[in-house]
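See below for the structure under consideration.
The values are calculated or read from the model by the stated rules, or taken from the named source; none is laboratory data. Please read all numbers here as calculations on a predicted model, not as lab measurements. As a convention, Cβ positions derive from the backbone with ideal geometry for all residues, glycine included, and neighbour counts pool all protein chains shown. Surface accessibility is based on the protein's heavy atoms, side chains included, excluding ligands, DNA and RNA. Shrake-Rupley method; radii C 1.70, N 1.55, O 1.52, S 1.80 Å.
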Amino acid sequence: MAEIAGTMAGSGLEFARRVDAVSTNQRALDQFLRGVERRALRMAELACGNRDDALDIVQDTMCAFVRNYAAKTETDWPPLFHRVLDSRLNDFHRRRTVRSRWLAVFERKSADDDELDPVEQAQDLQDPGPLLRLAGSEAGKALDAALKELPLRQRQAFLLRMWEGFDVATTARAMQCSEGSVKTHLSRALAALRRALEDHQ
Amino acid sequence: MKDHQHSNDRPAWIDQASQVLDDSIRDLDAATLSRLNRARQAALAQRHAHTAPAWLLPAGFASACVLLLAVAAWQPHRRGETQQPVPVAAAADTVADEGDSEENSAEFYQNLEFYAWLDAQNKGDGG
């Protein structure tokens, strides 16, 4: 009897501990999602060019992330969240491509296959760059247009590395590709952005 | 994770681009913020629904313990009910039977050597 009572008391404590852990995890999850949702929305909006679609993608991403990765450690959350988002953006891109083919308005972008001159890609660290010469909303519009012109993988590499601040390994994990691919995509993205922004001037 | 604040080896225009992107998400309209909030709440509610079975585990264990206690408390009564009073005569017969059986068994073991000899004799006659 005493053993059973002891077991029941232990079970009650374990129950309370679990409830507390779940509640803490829920708060941490809420904070994390609050922190990434706006950037995720911006990334989705750049990829699909439409805020409603972007909001749907972000909601879908949040649900899938919580369903599959909420139990992971908090340090793993950022790359895993962006992996889910990247996957959803790829799906959206694929669906749109198929739809566009059927509607015969598909425009093939060959920028991803262009061979770039390494000298052209090299950055001059002393040069203030094209954006500094564009003021306020002009800079925003120019950057927005230039980012929308980039192929999906290049844009994701740029946003994750340069805006989200991920290192190469984390970006590779989020994009589910090799570190070498991340470097290649980023290098091409930087060159294309620079060129586009210079042209914009 | 966020290393770009500390990096000095990248072109200034990239920092400027990051700043422009940060500015673009700072002032979102109320409808968008509301939609984001609803999306977040929906995702978290789904998480809440998924964690419910984990809560049920200790509750189920406690219920099983209570059931076990109830069964343990009920069993002695049941045993008392099922044990019918044995008639005195029948009981005496049973004791007598048990006594006979024990007696026969003891007699058998005492005469075990005789039975072994008898068996050997029978085999010898047969051969």
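Observations
- Pairwise label distance in nanometres, A:T97 with A:R67, each label 7 Å out on the Cα-Cβ vector: 2.4 nm
- Of the residues B:L67, B:L21, the one with the largest accessible area comes first in the ranking B:L67, B:L21, computed with a 1.4 Å probe on protein heavy atoms.
- Area accessible to solvent at B:Y115, 1.4 Å probe radius, in Å²: 100 Å²
- Solvent-accessible area of A:H93, all protein chains in place: 80 Å² (probe radius 1.4 Å, heavy atoms, ligands and nucleic acids excluded).
- Here the accessible area is traced with a 1.4 Å probe on the protein chains. For the range A:16-103, carbon and sulfur cover 46 percent of it.
- Label sites at A:A28 and A:A169, each approximated as a point 7 angstrom past Cα along Cα to Cβ, lie 2.1 nm apart.
- The mean sequence distance of close C-alpha pairs (under 8 Å, at least 6 residues apart), as a share of the length of the range A:16-103, puts its relative contact order at 25 percent.
- Interface area, chains B and A: about 4800 Å² of buried accessible surface, summed, with a 1.4 Å probe and ligands, DNA and RNA left out.
- Across all Cα pairs in the range A:16-103, the calculated P(r) in 10 Å bins from zero up to the longest distance comes to 16, 44, 25, 11, 4, 1 percent per bin.
- Solvent-accessible surface (1.4 Å probe) assigned to B:S24 amounts to roughly 40 Å².
- By accessible area with a 1.4 Å probe, ligands and nucleic acids excluded, highest first: order of A:E45, B:E113, A:E74: B:E113, A:E74, A:E45
- Residue-averaged beta-carbon neighbours from other chains (10 angstrom radius) around A:67-77: 1
- Once the partner protein chains are put back, the range A:154-169 shows a loss of at least 40 square angstrom of accessible area, versus the chain by itself, at A:M162, A:W163, A:G165 (probe 1.4 Å, ligands and nucleic acids excluded).
- Within 10 Å of each Cβ in B:28-41, the average number of Cβ atoms from other chains: 5
- Net charge, A:L160 excluded, C-beta distance under 11 Å - Lys, Arg +1, Asp, Glu -1: +3
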